[in-house]
1. Determine, yes or no, whether ILE318 is closer than 17 Å to LEU55 by Cα and at pLDDT 95 or above.
2. Looking only at the stretch 190-208, which residues are surrounded by 20 or more Cβ atoms within 10 Å (Cβ to Cβ) and farther than 17 Å from SER317 by Cβ?
3. Is it fair to say ALA211 is crowded, with 17+ Cβ neighbours inside 10 Å and either free of Cβ contacts under 8 Å to residues at least 40 places away in the same chain or under 20 Å from TYR322 (Cβ atoms) (or both)?
4. Taking the stretch 181-196, which residues are part of a loop (DSSP other than H, G, I, E, B) and more than 27 Å from PHE228 (Cβ to Cβ)?
5. Please indicate, with yes or no, whether at least one residue in the stretch 218-237 is at pLDDT 95 or above, part of a loop (DSSP other than H, G, I, E, B) and within 12 Å of GLN190 (Cα to Cα).
6. Looking at (1) assigned to a strand (DSSP E or B); (2) in the same structural domain as LEU258 (by TED's automatic domain parsing); (3) touching a Lys or Arg at 6+ places or on another chain (Cβ under 8 Å), can you tell me which one THR160 breaks?
7. Kindly provide the set of residues from the stretch 240-254 that are more than 20 Å from TRP175 (Cβ to Cβ), assigned to a loop (DSSP other than H, G, I, E, B) and at pLDDT 75 or above, ordered by number.
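The values are calculated or read from the model by the stated rules, or taken from the named source; none is laboratory data. Quick caveat: nothing in here was measured; it's all calculated off a predicted structure. All Cβ positions, glycine included, derive from the backbone under ideal geometry; neighbour counts span all protein chains shown.
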Amino acid sequence: MKKTFIQYVSLLAFCVAAIVLYTSCEKEIDINIDAPKNALVVEGHIENGLPPYVLLTKNSAFFGNIDINDIASYFVSGAKITVTTDNDSVQLQEYSSAFLELLPDSVVLALADQFGLDIQSVDDFPPIIIYTVPFDETDFVGVIGKSYDLRIEIDDKIITSTTTLPEPVFFDSLWIKPPANPALADSFFQFRGQLKDPIAPGNYYRYFTQADGGPWLLSGQTVFDDGFFNGKDFQIFIPKGRPIGSFGGDIDFETDGLWTTQDTVCTVKLSMIDKAHYEFWRTLEANRSSQGNPFGSVVYVKSNVKGALGIWGGYSSITGSYNRFP
């Protein structure tokens with residue numbers, strides 16, 4: 001329905017009145033936010049070919065100060081954590097951060113990004129606690145097509161969750177092209193891929209990128225679904241992940257996601273995830289992008305964990321690379 005001239009005038013008058021009221025009235029408002037109730041936070045994942053891992057921490061106040069030297073106090077020790085699939089199960093063992101040297105760098109990246117750390121080596125990590133399979137049960141790894149149940153027993157609490165490893169999908173082809181702005185062509189380029197989405201609806205993706213064998217990096221938005229391209233072939237821009245610890249800092253939006261001409265081998269890991277896993281990362285990334293924006297809306301992070309906050313998520317991943325100088 002088209003607005004009449006009177007409606008437009010009324011709307012304009014309302015906007016002017018609101019501006020006058022806003023600029024002429026100032027009042028200092030103190031907002032007292034109650035301390036959050038004590039809760040546990042789970043971050044656990046299992047990927048095809050890799051063992052499961054779980055981080056168990058305490059929550060903290062939104063406006064609280066976290067000292068990097070006190071991070072160890074947030075980790076929870078002494079939990080009994082079991083992962084079960086079909087008729088097979090494993091009780092995870094508790095390890096200190098020294099164990100990180102034996103983990104895949106994608107796990108180390110996830111930890112570094114969680115704490116906003118710009119780490120150069122595992123030695124830069126503060127003391128933490130991580131739960132994963134014992135050394136003598138390294139054959140318990142993620143298998144595509146299976147579901148995995150998580151059970152955590154700590155004090156008088158029981159925490160549960162379930163995740164799946166869907167059938168993976170990967171790009172049919174990968175290539176590079178100049179950036180949209182010709183003035184940037186001497187220093188940057190785009191990395192792109194051709195993807196065929198499965199016919200069945202409800203496919204959810206998350207991706208990681210890597211340059212020249214470095215760490216896996218994340219961009220500002222790492223998940224997408226097939227809501228607009230179900231069952232179709234489509235081209236996608238594959239942004240280069242941001243440096244570890246850069247989230248929340250100043251971003252050059254003109255070059256954000258572009259790869260540099262110093263990057264020789266461009267690698268992407270494309271992971272299929274289930275809907276609950278997707279919703280966690282979608283809402284978490286939306287929440288992070290809206291922080292500091294006075295006009296942004298509140299986004300609540302969705303959890304698939306019962307009895308706690310956080311995520312227990314499965315990844316079905318395939319990795320591929322494009323070598324600019326084969």
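1. It is false that ILE318 is closer than 17 Å to LEU55 by Cα and at pLDDT 95 or above.
2. Correct list: PHE191 only.
3. Judged against the criteria, ALA211 is a match.
4. ALA185, ASP186, SER187
5. no
6. (2)
7. PRO243, ILE251, ASP252, PHE253, GLU254
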